[in-house]
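Presented below is the structure to which this report refers.
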Amino acid sequence: MHPLPGMAPSPILTSAHKVGVVGLGPIGLALAQRLTGRGRFVVAWDPDVQSGQSAPSDGIRMMRSLEELASGKPDVLALAVESTLLPSILTNVAPVLAQASVLIDLNRNQTQARKRVMAVGLQDQYVGAHPIIRENAVRPLDPFNDAVWALCVDRGTDYNRFLTVADMITQGLGNPLICMDDSTHDRLTAVDSQPLTVPGQAQAEPPAAETSILELDERGWQGQLQDSARRGWQVTAFTSVHQAVLSRCPLGLAQA
């Protein structure tokens with residue numbers, strides 16, 4: 001549901017206080033640790049039991065099963081697993097995920113992820129969210145120190161769910177974000193040839209995007225994002241490879 005013109009969305013309904021993380025590999029564990037370190041309540045489950053054994057000492061509460069995690073009403077359920085595991089994960093999540101929970105998938109191929117989400121009927125709860133993480137010569141202890149998130153939406157994306165994910169990113173993680181559609185994102189991140197992390201020095205300019213968030217103007221998304229900016233978000237620019245991505249996206253939103 002979109003807020004009425006001139007009225008701010010409820011900070012209670014659009015805040016990500018409880019975040020569920022599926023998968024505690026390098027990215028999933030770093031996500032969970034940063035969120036707990038910044039005051040968010042994190043619950044998690046990992047297909048590899050051993051990788052999750054040290055998680056409770058980081059303030060992360062481990063669940064006994066994926067179904068227990070998904071049915072526990074997290075504000076956001078973040079899938080940080082390999083793309084090959086996504087179909088089976090979604091199949092198990094779909095029957096038990098609370099209606100109020102927002103589902104995000106961190107994989108770089110957002111077009112494929114959305115199709116898989118639609119296949120299990122969770123598209124109304126889904127917001128595409130891909131962290132673009134700068135790859136340094138020495139990998140930082142916290143890869144989210146210098147990350148920018150791409151939030152991917154379509155005409156069916158719920159605005160309040162978008163704001164919930166934005167709260168997790170800007171307030172929970174302290175990261176900036178940009179917004180675009182799936183196909184634009186996938187072209188900019190060169191899905192077929194680039195890894196999840198983005199080099200600190202861009203090797204080549206990405207191809208010019210043929211589509212953008214402007215395509216969603218019929219539904220009013222551009223106006224909604226501009227309205228968010230007026231409420232305390234700021235239009236921003238990023239450096240290096242982040243700026244190359246942003247230059248092809250009409251709006252860049254970051255924590256004010």
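The values are calculated or read from the model by the stated rules, or taken from the named source; none is laboratory data. What you see is a predicted model; the values in this text were computed from it and never measured. Backbone-built Cβ (ideal geometry, glycine too); neighbour counts: all protein chains shown.
Listed here are the residues, each with its yes/no results for (1) buried (at least 23 other Cβ atoms within 10 Å of the Cβ); (2) among the aromatic types (Phe, Trp, Tyr); (3) part of a loop (DSSP other than H, G, I, E, B); (4) within 15 Å of the chain's Cα centre (by Cα).
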{"residue": "78", "(1), (2), (3), (4)": "yes, no, no, yes"}
{"residue": "92", "(1), (2), (3), (4)": "no, no, no, no"}
{"residue": "104", "(1), (2), (3), (4)": "yes, no, no, yes"}
{"residue": "111", "(1), (2), (3), (4)": "no, no, no, yes"}
{"residue": "117", "(1), (2), (3), (4)": "yes, no, no, yes"}
{"residue": "129", "(1), (2), (3), (4)": "yes, no, no, yes"}
{"residue": "144", "(1), (2), (3), (4)": "no, yes, no, yes"}
(message) Could you check the stretch 81-103 and list, in sequence order, the residues that are at pLDDT 95 or above and touching a Gly at 6+ places or on another chain (Cβ under 7 Å)?
(response) 94
(message) Condition check: crowded, with 19+ Cβ neighbours inside 10 Å and either at pLDDT below 50 or over 14 Å from the mean Cα position of the chain (by Cα) (or both). Does residue 228 satisfy that?
(response) yes
(message) Give me the residue from the stretch 152-188 that is basic (Lys, Arg) and touching a residue at least 40 places away in the same chain (Cβ under 8 Å) and, out of that set, surrounded by the most Cβ atoms within 10 Å (Cβ to Cβ).
(response) 161
(message) Pairs please, first residue from the stretch 50-68 and under 18 Å from residue 94 (Cα atoms), second anywhere and at pLDDT 90 or above and not in a loop (DSSP other than H, G, I, E, B), Cβ atoms under 6 Å, 6+ apart in sequence or on different chains.
(response) 63/43; 63/45; 63/69; 66/45; 66/92
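Just to be sure, is residue 86 free of Cβ contacts under 8 Å to residues at least 60 places away in the same chain and in contact with a Lys or Arg (Cβ under 6 Å, 6 or more places away or on another chain)?
On the way: free of Cβ contacts under 8 Å to residues at least 60 places away in the same chain: yes; in contact with a Lys or Arg (Cβ under 6 Å, 6 or more places away or on another chain): yes.
Spelling it out, residue 86 is indeed free of Cβ contacts under 8 Å to residues at least 60 places away in the same chain and in contact with a Lys or Arg (Cβ under 6 Å, 6 or more places away or on another chain).
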(message) I'd like the full set of residues that are under 21 Å from residue 96 (Cβ atoms) and in contact (Cβ under 8 Å) with a residue 60 or more places away in the chain, limited to the stretch 114-131.
(response) 114
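Restricting attention to the stretch 184-201, does a residue exist that is at pLDDT below 85, outside any helix (DSSP H, G or I), of a type in the set (D, E, K, R) and over 18 Å from residue 21 (Cβ atoms)?
Step one: filter the stretch 184-201 for residues at pLDDT below 85, giving 184-201.
The next check asks that each one be outside any helix (DSSP H, G or I); those that pass are 189-201.
Still in the running and of a type in the set (D, E, K, R): 192.
From what's left, over 18 Å from residue 21 (Cβ atoms): 192.
Checking the stretch 184-201: at least one residue is at pLDDT below 85, outside any helix (DSSP H, G or I), of a type in the set (D, E, K, R) and over 18 Å from residue 21 (Cβ atoms).
Filtering the stretch 173-183 down to residues that are part of a helix (DSSP H, G or I) and out of contact with any strand residue (DSSP E or B) (no Cβ under 7 Å at 6 or more places or on another chain), which residue is modelled with the lowest pLDDT? Quick ask: steps written out before the conclusion?
Applying the first criterion (part of a helix (DSSP H, G or I)) to the stretch 173-183 yields 173, 182-183.
Next, from what is left, pick out any that are out of contact with any strand residue (DSSP E or B) (no Cβ under 7 Å at 6 or more places or on another chain): 173, 183.
Values: 173: 94, 183: 81.
Among them, the one singled out is 183.
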(request) Take residue 112 and decide whether it is modelled with pLDDT under 95 and out of contact with any Ser or Thr (no Cβ under 6 Å at 6 or more places or on another chain). (result) yes
(message) Can you tell me which condition residue 74 does not meet? The list is (1) within 21 Å of residue 15 (Cβ to Cβ); (2) in a loop (DSSP other than H, G, I, E, B); (3) modelled with pLDDT under 95, and all the others hold.
(response) (3)
(request) Check off (1) under 12 Å from the mean Cα position of the chain (by Cα); (2) closer than 17 Å to residue 75 by Cα for residue 159 and give me the number that stays unchecked. (result) (1)
